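For reference, the structure discussed in these notes is given below.
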Amino acid sequence: MKPAPFEYVAASSAADAVEALRRYGDEAKVLAGGQSLIPMLALRLARPSVLVDINGCTDLDGLTESGGTLTVGALARQRDLERWARTRSPLFAEALGWVAHAPIRNRGTVVGSLVHADPASELPALLLCLDGAVVARRKGGERVIPADKVYLAPLTTSLESDELATAARFTLPPEGAGWGFAEVARRHGDFALVGCAAVLALDGTGAVSHARLGFFGVGGTPVRSAPGEAALTGQQPTAARVAGAAKAAAAALSPDGDLHASAGYRKTVAGTLAERVLTAALGRCRRAG
Ligand SMILES: Cc1cc2nc3c(=O)[nH]c(=O)nc-3n(C[C@H](O)[C@H](O)[C@H](O)COP(=O)(O)OP(=O)(O)OC[C@H]3O[C@@H](n4cnc5c(N)ncnc54)[C@H](O)[C@@H]3O)c2cc1C
């Protein structure tokens with residue numbers, strides 16, 4: 001199939017793109033890396049009448065780390081984040097290795113992946129676990145949407161149709177924190193059947209001072225596990241407590257079943273992966289003080 005006809009606007013700056021979104025509203029779609037949008041156009045799963053191409057908006061490019069926050073511009077490719085991660089964040093490096101394949105990551109943007117909001121995507125779960133946010137700009141104003149307010153349903157975020165996501169922010173884990181990341185997919189590069197990420201930090205007594213546990217592929221949106229985190233926070237992380245936290249986290253999930261995996265399978269795998277990533281995170285922690 002070929003895409004339905006559309007008008008094409010090549011924006012040359014963020015302001016230009018925002019003006020086009022104001023003009024065309026919900027008839028328009030932003031074109032970033034095109035790795036999700038172009039197949040959807042070709043299959044006519046999306047039929048916008050206008051495409052606003054942001055690839056010429058150099059003011060949206062770049063990746064900066066400052067004061068414990070990583071800011072990723074809307075034009076930064078997944079590959080740019082992978083390069084940064086090589087020396088700065090093994091958690092991002094591990095997660096990105098699971099995102100599609102190298103040619104797709106060369107073109108696909110980090111922000112495009114976050115706002116495309118596929119519930120089986122890796123990066124949205126990291127946005128949740130790293131207390132992240134999406135910066136949204138519309139004509140006349142900007143707002144910062146915290147990660148827990150971004151995801152509403154599959155492929156649906158709280159971004160309005162006249163808003164451009166200009167950047168994403170990730171809060172880097174505290175000093176000495178450990179991480180874990182695991183995923184089950186049918187083939188390497190496929191979207192996850194189930195995935196899980198964890199970040200843990202310990203205080204001077206060895207108790208858990210910071211716990212983040214997130215899942216993807218287990219429902220309509222990525223989720224942070226309040227019961228899993230609560231079971232560990234302030235506690236000495238014995239193997240039994242970690243197993244209990246993983247069990248509590250999996251019990252609170254309501255995954256869907258589909259032709260790839262049943263709901264029961266996803267729930268069981270989620271519990272196993274949670275225990276695995278929490279154990280890995282603990283093994284990488286250094287005690288504070
Ligand atoms: C074969 C294949 C396998 C893949 N496997 C995986 C995988 O395992 N895991 C994974 O996470 N992803 C996977 N992907 C998707 C890939 O990561 C995409 O690059 C990503 O989801 C979208 O990023 P993009 O920059 O290409 O966005 P686009 O395709 O250009 O846009 C996607 C959507 O986001 C909107 N959008 C993009 N940028 C903005 C913005 N700045 N402001 C507002 N709206 C915006 C678009 O309008 C569109 O609706 C795969 C893709 C392919 C083709």
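Scan the stretch 191-211 for residues that are away from the ligand (no atom under 16 Å from the Cβ) and under 14 Å from the mean Cα position of the chain (by Cα) and the total you get is 1. If you go through the stretch 11-68 and keep only what is closer than 28 Å to T87 by Cα, in contact with a strand residue (DSSP E or B) (Cβ under 8 Å, 6 or more places away or on another chain) and among the hydrophobic types (A, V, I, L, M, F, W, C), you end up with A32, L60, L63.
Tell me, yes or no, whether the stretch 184-199 has at least one residue that is in contact with a Cys (Cβ under 8 Å, 6 or more places away or on another chain), in a loop (DSSP other than H, G, I, E, B), crowded, with 16+ Cβ neighbours inside 10 Å and not acidic (D, E). Among the residues of the stretch 184-199, not one is in contact with a Cys (Cβ under 8 Å, 6 or more places away or on another chain), in a loop (DSSP other than H, G, I, E, B), crowded, with 16+ Cβ neighbours inside 10 Å and not acidic (D, E), which makes the answer no. For the stretch 32-40, the criterion of being out of contact with any Ser or Thr (no Cβ under 8 Å at 6 or more places or on another chain) and away from the ligand (no atom under 13 Å from the Cβ) is met by no residue.
How do the helices (runs of 4 or more DSSP H) wholly within the stretch 53-143 filter down when requiring 1 or more residues that are polar (S, T, N, Q) and on the phi > 0 side of the Ramachandran plot: which remain?
Counting at least 1 such residues, we get no helices (runs of 4 or more DSSP H) at all.
Taken together, the criteria place R79 among residues that are touching a residue at least 24 places away in the same chain (Cβ under 8 Å), within 11 Å of the ligand (Cβ to nearest atom), charged (D, E, K, R) and closer than 25 Å to P174 by Cα. Selection of the stretch 136-162 for residues being farther than 25 Å from E65 by Cβ and of a type in the set (D, E) yields E160, D162. Any chance the stretch 202-223 includes a residue that's out of contact with any Leu (no Cβ under 7 Å at 6 or more places or on another chain), part of a helix (DSSP H, G or I) and among the basic types (K, R)? No, every residue in the stretch 202-223 fails to be out of contact with any Leu (no Cβ under 7 Å at 6 or more places or on another chain), part of a helix (DSSP H, G or I) and among the basic types (K, R). Would you be able to say whether some residue in the stretch 121-129 is more than 10 Å from the ligand (Cβ to nearest atom), crowded, with 19+ Cβ neighbours inside 10 Å, touching a residue at least 12 places away in the same chain (Cβ under 8 Å) and of a type in the set (D, E)? The answer is no, given that none of the residues of the stretch 121-129 is more than 10 Å from the ligand (Cβ to nearest atom), crowded, with 19+ Cβ neighbours inside 10 Å, touching a residue at least 12 places away in the same chain (Cβ under 8 Å) and of a type in the set (D, E).
Only the coordinates and a few stated rules stand behind these numbers; no lab work does. Note that the coordinates shown come from a computational prediction; the quantities given were computed from them, not determined experimentally. Cβ atoms come from the backbone with ideal geometry, glycine included; neighbour counts cover every protein chain shown.
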